[in-house]
Structure formats: C-alpha cells, structure tokens
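Just below is one structure, and these are the notes that go with it.
Coordinate-derived values only; no laboratory data. The structure displayed is predicted, hence computed values, not measured ones. Because the Cβ atoms are built from the backbone with ideal geometry, glycine has one as well, and the counts that use them run over all protein chains shown.
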C-alpha cells in the first residue's frame, strides 16, 4: 500500500538568486544545506512564485538580483506576492576569480543565491514607484539640457567652420537666435543641414520649458513644498537644485551619519592602506552622478554668498587647487543640507 505524504517546509528559508534579462531569467534555488536546482524560466514573477509554492510549501522565500536596466519592478512584484527580495549593487557581490573568468548566467545566479544564504549581501535602497517617477522627471530634464548643449555646440562649430562672423558676444539670446534664422549658406545642402540643427534646438528649448513648468508644479506639492523652501534658505540651492536633491535622496533618514551620505554622493577620497602606510587619493569614482554634479555647481555659488564658506574656501585655496578645494566645500554644503532636512529648520548663515 502506498501512502501519500504532504511536504511541509514551514519555517525553512529558501534562497533564490536571479539573473534578470529581457527574454529569460536564470534562477538558482538553494536550501539551507544544498543547491536545489538551477534553471531558466520566462521573465515573469508569477512563474517563479508558483514554482516555489509548489515545491517548497510553507517556506520563507528570499530572492536577490542585481540592480540594472530592469529597475525595481521585479522587486515590487515579488514583495507583493510574499517573497522577500533584495536588489544589490553588482560591485558589492563577492566574486571568486573563477567566476570572473567564466561568467555565465548560471554562474551569476548561483553566486547571488550563495551570497544571500551566507548573509554577505546588503540590499540597496528601493524607492517607491511614485518617487522613481518624480526622480525620472528631473533626470529627463537634465538629459534634455545636455542634448541642448550638444546641439548648441554643433551650431557654433558650423559657424566657425565656414567663417561666419557672429554679431554679438553673448550666444543664445533672443537677438542671437533671431539672427541665426537669417543666416544663409551658399548651397541648399549646407542650408538644409544648418536648419536641421536649428529645428532640433527649437524643439529641445520647447521640451525643456515644459519640463521646467512640471518641475515647478511638483515643487509646490505637499510632498515637496516644505522641504524645497527649507533647502532654498541655503546659499546656492535653487528650486531646481532642491528638487534634484529631494528626488535623488528620497529619505534623508536612511543615512545614519554624514559619512554615509557623503559616500552615497561620492564626496569621499579613495583610500589605499597597507601596514603603516595610508594614502588618500582623489575622490572615489563610485558616486551618484547627478547629485555630485549639482552639489559642486551649487557650492561655487554658495562660497560667493556664505561668509563662513568663503573664509574656509580661501584658506583651503592657499594650499591646494581651487578645483580640489571646492570638493571639500561641497562636503560642508552637504552637511548643511543634511542638518536642514533632518531638523526641519531653515539655515541661518554664520557671520564672520
């Protein structure tokens, strides 16, 4: 006689490593003591969750994947279906030399599952969907401004290449743009090329104007309005700068101190130490690209308006290049930003 027994994994953890791609996912499943299976499945969370519940009923499911093009939707859907999920920075995943030289999807998902089981992986902060969309608005505007700068440089290059004299020193004023519309090349082909760049510039200016309106509207909402006004009390911080800071940082409380915040932004030096020798190099390449850029730009304005910052900047400039001194000042400005947001109090410039 055959007796059917129900498998029960209640209380037991199951670890899942995912290598996420557009058309398929590589999945590696580990129990506390062994590797269960490594396989490929369609890119659907429902397929994975169904497999886990069918083979490991009652277990505690934990999954991990590397941050990348897929964003955080996989994380959100797995969390909603009862699977605890981590998203990790690819550079923080412990990797053996063999795993570097033989890199496949199966190797990567096994590496992630083992790291999750051993507790070596720390997940990155995952913002809500709303915060991500707000951040994307600011990043889209930043990208459009970069495209506009490229387009302007292309137009200036055409003018210089053909020796066309510019009637005024200040580029991109209304008068200059009106003059550009009157420029005629010798042949229709050259004129068509110039008109294409001018049309692109006009299109980008319109898009950036619309994005500016959207950013200003967002800055007046309940979610951002109070913090924007607080940040604007700090010299060098505009509405656009405040919105960039708020959408990139999301929650200032997730940084336990200034060192962790500065590390996230990328305002810490690269350190190499061995024995009794320690060398501090330039600032780390690991950073939030948008935050570090806007902080440096804001600091140049702040040192001209804040007497305390100006005094510190002058003192540092006597013993190092100004471009290096401004990085030190950016950290001081970041400290002021953290204080204002954590204490919800306006910044009052110090007198010297």
query = At residue 162 and residue 106, where each label point lies 7 Å from the Cα along Cα→Cβ, what is the point-to-point distance in nanometres?
reply = 6.1 nm
query = Where the eigenvalues come from the Cα gyration tensor of region 182-255, what are the semi-axes √(5λ) of the equivalent ellipsoid, largest first, in whole Å?
reply = 41, 11, 11
query = Per residue Cα convex hull volume for region 80-227, in cubic angstrom?
reply = 252 Å³
query = Per residue of the chain, what 222 nm ellipticity follows from adding -39500 (n - 2.57) for every DSSP H run with n ≥ 4, rounded to the nearest 500?
reply = -17500 deg cm²/dmol
request  = Highest first, please rank the peptides 322-334, 245-257 by the mean number of other Cβ atoms sitting within 10 Å of their residues.
outcome  = 322-334, 245-257
key: Cα-Cα P(r), region 232-343, percent of pairs per 5 Å interval   = 2, 11, 22, 23, 20, 13, 6, 3, 1, 0
message = Tell me whether region 142-286 comes out rounded, prolate or oblate; compute the Cα gyration tensor, take square roots of the eigenvalues as a ≥ b ≥ c, and use a/c under 1.5 as the rounded threshold.
response = oblate
note = Residue separation between residue 320 and residue 171 times 0.36 nm, minus their alpha-carbon distance, gives in nm 50.3 nm
task = Run the numbers on the chain and let me know its relative contact order in percent, using alpha-carbon pairs under 8 Å that are six or more apart.
result = 12 percent
request  = With everything on Cα atoms, drop me the angle between helix 307-317 and the longest principal axis of the chain, reported from 0 to 90° to the nearest 10.
outcome  = 90 degrees
note = In degrees rounded to 10, the 0-90 angle between helix 45-55 Cα long axis and the longest Cα principal axis of the chain is 20 degrees
key: Segment residue 214-residue 125, length gained on full extension (0.36 nm per residue, minus Cα span)   = 29.5 nm
remark   = Between the modelled labels at residue 118 and residue 35 (7 Å from Cα along Cα→Cβ) the distance in nm is 1.4 nm
ask   = Cα axis of helix 105-118 to longest principal axis of the chain: angle in degrees, 0 to 90, nearest 10?
value = 80 degrees
query = Once a ≥ b ≥ c are taken as the square roots of the eigenvalues of the Cα gyration tensor of region 46-153, is the result rounded (a/c under 1.5), prolate (a/b larger than b/c) or oblate (a/b not larger than b/c)?
reply = oblate
request  = Do me a favour and compute the ellipsoid semi-axes for the chain from its Cα gyration tensor, root of five times each eigenvalue, largest one first, whole Å.
outcome  = 47, 30, 22
task = Please say if region 221-271 is rounded, prolate or oblate, where rounded means a/c under 1.5 for a ≥ b ≥ c the square roots of the C-alpha gyration tensor eigenvalues, and otherwise the choice is prolate for a/b larger than b/c and oblate otherwise?
result = prolate
